[in-house]
Amino acid sequence: MSKEKDVLLNEEIDLVEVRCIGDDGTQYGIISSDEANQIAANLGLDLVLIAKDAKPPVCKIVDYSKLCYQQEKKLKDAKKKQKVIEVKEIKLSVKIAQNDINYKVKHAIDFLKSGKHVKFRVFLKGRELSNPQLGDELLLKIYQDISEIANMDKEPVLEGKYVSMLCTPKATKK
């Protein structure tokens, strides 16, 4: 086996017959692996096993280093295009004062305007655990303050000793 990604190359392919495809898309048909190796050697390229589970297995005649380069390039491009979502967490308690709520809401609005997701968590301690609806009410009250710029992605839900709610920024029209 080859050391890179367990790909079978050239003489490592010891199958009775394979479907062989050329670098330019030429179909060589179903031939023995020895014949396919001979064709690849004549062209100065490598024989690479592409689909070993197919009936018959599929091999392609390509420049292996060029194939690896193209695959790495595709991975890099995909990574560039992917968007990383940052989630900011704001912790609260049931017995929070109104001015503290306003302060937390102001920070949440700043986070949402910068495109971040905000997770509100209300910590329940002691006897507050017997009334988790108090946490729900607090989170719904907060959502009313930020509803103009945020969507409620996840309704308030009890998770252990926390009541959590996830808000995402509303899509802006360009």
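Exposed loop sites were defined as GluC sites (Glu not before Pro) in DSSP loop states (anything but H, G, I, E or B) carrying at most 11 other C-beta atoms within 10 Å; in the chain the longest segment without such a site runs 5-85.
Listed cross-link partners K79/K154; K76/K170; K88/K154 are compared with a 23 Å cut-off, the Cα-Cα value being larger for K79/K154; K76/K170. Across all Cα atoms of segment 87-169, the radius of gyration (one decimal) and Dmax (whole number) stand at 11.9, 37 Å.
Using a Gaussian network model of the chain in which every pair of alpha carbons under 10 angstrom is joined by a spring, one finds that among D77, D24, D63 the greatest mean-square fluctuation is at D24. Taking every DSSP bridge with both residues inside segment 1-62, close to 75 percent are antiparallel. Of all lysines in the structure, the ones whose alpha carbon falls short of 24 Å from that of K74, not counting any fewer than 8 places away in one chain, are K3, K5, K52, K60, K66, K83.
Please work out how much length the chain gains when fully extended from K74 to V87, using 0.36 nm per residue of separation minus the C-alpha to C-alpha distance, in nm with one decimal.
Between K74 and V87, full extension yields 1.9 nm more.
Residues whose amide H comes within less than 5 Å of that of K116, counting only those at least five positions distant or on another chain, are absent (H built at 1.01 Å from N in the peptide plane). For the chain, modelled as a GNM whose springs connect Cα atoms under 10 angstrom apart, the maximal fluctuation among I146, I85, I31 occurs at I31.
Starting from the coordinates of the alpha-carbon atoms of segment 43-101, obtain the Kirkwood hydrodynamic radius over all distinct pairs and give the value in Å to one decimal.
This gives a value of 16.7 Å.
Note on segment 1-76: percent of Cα-Cα distances in each 5 Å bin, starting at 0 and stopping at the bin with the largest distance, equals 3, 17, 29, 26, 16, 7, 2, 0.
The angle separating the long axis of helix 33-43 from the principal Cα axis of greatest extent in the chain is about 90 degrees.
Report the antiparallel proportion of the DSSP beta bridges in the chain as a percent, rounded to a multiple of 5. Looking only at bridges with both residues in the chain, the antiparallel portion is about 70 percent.
Translational diffusion coefficient, Stokes-Einstein: compute it for the chain using the Kirkwood radius over C-alpha pairs as Rh, at 4 °C and 1.567 mPa s, and state it as an integer in µm² s⁻¹. Can you show the working numbers first?
Details: Rh = 21.1 Å.
Answer, rounded: 61 µm²/s.
Specify the angular offset, from 0 to 90 degrees and rounded to the nearest 10, of the alpha carbon long axis of helix 133-146 from the longest principal axis of the alpha carbons in the chain. Orientation of helix 133-146: about 80 degrees from the principal axis. The ranking of Y143, Y28, Y69 from fewest to most other beta carbons within 10 Å of each one's beta carbon is Y69, Y28, Y143. Once the C-beta distance of D6 and L140 is scaled by a Förster radius of 30 Å, the resulting FRET efficiency is 0.05 to the nearest 0.05.
Helix 64-81 and the longest principal axis of the Cα set of the chain meet at an angle near 20°.
We did not get these values from a lab; they are worked out from the coordinates using the rules stated. These numbers were taken from a predicted model, which means no experiment stands behind them. We place every Cβ from the backbone using ideal geometry, glycine too, and count neighbours over all the protein chains shown.
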